[in-house]
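To keep things clear, I will list the structure first and then write my remarks on it.
The values are calculated or read from the model by the stated rules, or taken from the named source; none is laboratory data. Predicted, not measured: the structure shown is a model, and the values here were computed from it. A quick note on method: Cβ atoms are made from the backbone with ideal geometry, for glycine too, and the neighbour counts reach across all protein chains shown. Please note that ligands, DNA and RNA were not included when accessible areas were found on the heavy atoms of the full protein model with its side chains. Shrake-Rupley method; radii C 1.70, N 1.55, O 1.52, S 1.80 Å.
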Amino acid sequence: MTSPEIDYAALFAGTPSPYLVLGPDLVIVGVNRAYLQATGRSHDDLVGQYLFDAFPDNPADPDADGVRNLNASLHRVLTSRKPDTMALQKYDIPLVHRPGQFEERWWSPINTPVLAPDGTVAWIIHRVEDVTAFVHARQAHHRLSGGSLSEREEGMEAELYARSRELQLLNEELRHAHARERQVAVTLQEAMLHSPDLARHHDIAVRYLPAVGSLNVCGDWYDVVDLPDDGFAVAVGDVVGHGLEAATVMGMLRSALSAATRTVNGPAKALEVLGLYARSVEGAMATTSVEALVSTSSRQIAYSSAGHPPPILLHADGTCQLLDRATDPPLGVRPEHVPRPQASVPYTPGDTLVLYTDGLIERRGEDIDAGLNRLTDALASYARLGPERLADALLARLGVSGGARDDIALVAVRL
């Protein structure tokens, strides 16, 4: 016997608990009947509205903190991609037929992410239970009885508020501790990614986004190295794994490649030196890296790749050229030393060279060619943008402005 197909839209509309559906930008995209009844609003009032434009804090309440608390919860959901249960909240709502006036309301909210196939947050389900009647009933009972609640009632009420307040205070303490740890991690990562020569290149934009939940310490890197004769090298790399261990290996390999680039001739030789060094570094096995040497006098790009996704030369007319003719296995994979390949391509002033790590293009369950096609399609739309705007637009277009499952390093060079 075949089970009947479930009408999820009807279930959402008919469920007795109030629900909102929010986009990642916190714009309301869906609302059920129970929510409309609880707030006295209509579908057209809410859908398409930014949540906190539709429901601002009550300006007459100096202690109102509903917007702050809810906004913090929703952003925790976006960052962690996990449900966030809030403590009991006093969050007054505006009266539709009396502009400027608010009605006292108490809510018990929970915010739950709905993930897209690539693991990003597609929507947030905001479910609330209106507990205003309960709070008011307790207050009225307290007044009518002259404060003489039963021992059991006093205990239940005290426990409800105490646990609610305790949960909120504990969450605040945890968030502050997490923020301190993250700041230490950010400082460490910035120190490890410091590139003195980059400051002299206003035509180069770099972006570094750690994997979500990694505290900003990861194994991807970028570097810019100035060379004699009006040339410079640009490199990106990716150590397997996340966390402090991967970041430590990253720092060692990045420094070794920077030194090799300054002392040997060409990116292939530099990667050969790096590969030999990587054999002695625990955790460096299977690291990928690519380096491109830009000769401004001859307008040539020489490049070599150790198992890394290909750089892209974005021409001013929007066409993209994959630099994939000098690709070799990742570091430490071959048991014996073998010279690495190197290739060269000419460029025209106004072209843009883009290097990146695989977190920018890889998606779970998807072939890497699909990610490359998505990247080149996006780049074709931004050929006229400067490096800074191009980098930001690219991250937004690919849906990773707030990070992804894997680290992302991105370098855009206007040639």
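Just one of the numbered conditions (1) open to solvent by 40 Å² or more (accessible area, probe 1.4 Å); (2) among the acidic types (Asp, Glu); (3) not in a helix (DSSP H, G or I) is not true of Asp238: (1).
Criterion applied to Val121, Val131, Val114 was being β-branched (Val, Ile, Thr) and either at pLDDT below 90 or open to solvent by 70 Å² or more (accessible area, probe 1.4 Å) (or both), and the one residue passing it is Val131.
Please tell me if Phe52 is in a helix (DSSP H, G or I) and under 20 Å from His75 (Cα atoms). The answer is yes for Phe52. The residues of region 274-308 that are among the hydroxyl-bearing types (Ser, Thr, Tyr), over 15 Å from Arg254 (Cα atoms) and not in a strand (DSSP E or B), listed by number, are Thr296, Ser297, Ser298. Looking only at region 70-89, decide whether some residue is under 19 Å from Ala133 (Cβ atoms), of a type in the set (D, E, K, R), in a strand (DSSP E or B) and under 31 Å from the mean Cα position of the chain (by Cα). No, the conditions are met nowhere in region 70-89.
Within the set Pro349, Pro335, Pro311, the sole residue that is closer than 19 Å to Pro387 by Cβ and open to solvent by 40 Å² or more (accessible area, probe 1.4 Å) turns out to be Pro349.
Between Asn216, Asn265, the distinction of being of a type outside the set (Phe, Trp, Tyr), part of a loop (DSSP other than H, G, I, E, B) and at pLDDT 90 or above belongs to Asn265 only.
The residue that is modelled with the highest pLDDT, among those in region 48-84 that are of a type in the set (Val, Ile, Thr) and under 21 Å from Ala116 (Cα atoms), is Val77. Determine which member of the set Val400, Val338 is aliphatic (A, V, I, L, M), under 17 Å from the mean Cα position of the chain (by Cα) and in a loop (DSSP other than H, G, I, E, B). Testing whether each residue is aliphatic (A, V, I, L, M), under 17 Å from the mean Cα position of the chain (by Cα) and in a loop (DSSP other than H, G, I, E, B) leaves just Val400. Just a yes or no: is a residue in region 34-42 within 31 Å of the chain's Cα centre (by Cα) and open to solvent by 30 Å² or more (accessible area, probe 1.4 Å)? Within region 34-42, none of the residues are within 31 Å of the chain's Cα centre (by Cα) and open to solvent by 30 Å² or more (accessible area, probe 1.4 Å). Take the conditions without any contact (Cβ under 8 Å) to a residue 60 or more places away in the chain, out of contact with any Pro (no Cβ under 7 Å at 6 or more places or on another chain) and either surrounded by 13 or more Cβ atoms within 10 Å (Cβ to Cβ) or among the hydrophobic types (A, V, I, L, M, F, W, C) (or both) and apply them to Arg340. Does it pass? Criteria not met by Arg340.
Of the residues making up region 352-376, those that are open to solvent by less than 20 Å² (accessible area, probe 1.4 Å) and in contact with a strand residue (DSSP E or B) (Cβ under 6 Å, 6 or more places away or on another chain) are Thr352, Leu353, Val354, Leu355, Tyr356, Thr357, Gly359, Leu360. Cβ-Cβ contacts under 8 Å between residues 6 or more apart (or on different chains), taken from a first residue in region 5-21 that is part of a helix (DSSP H, G or I) to a second residue that is open to solvent by 60 Å² or more (accessible area, probe 1.4 Å) and modelled with pLDDT of 85 or more, are listed as Ala13/Arg33; Gly14/Arg33.
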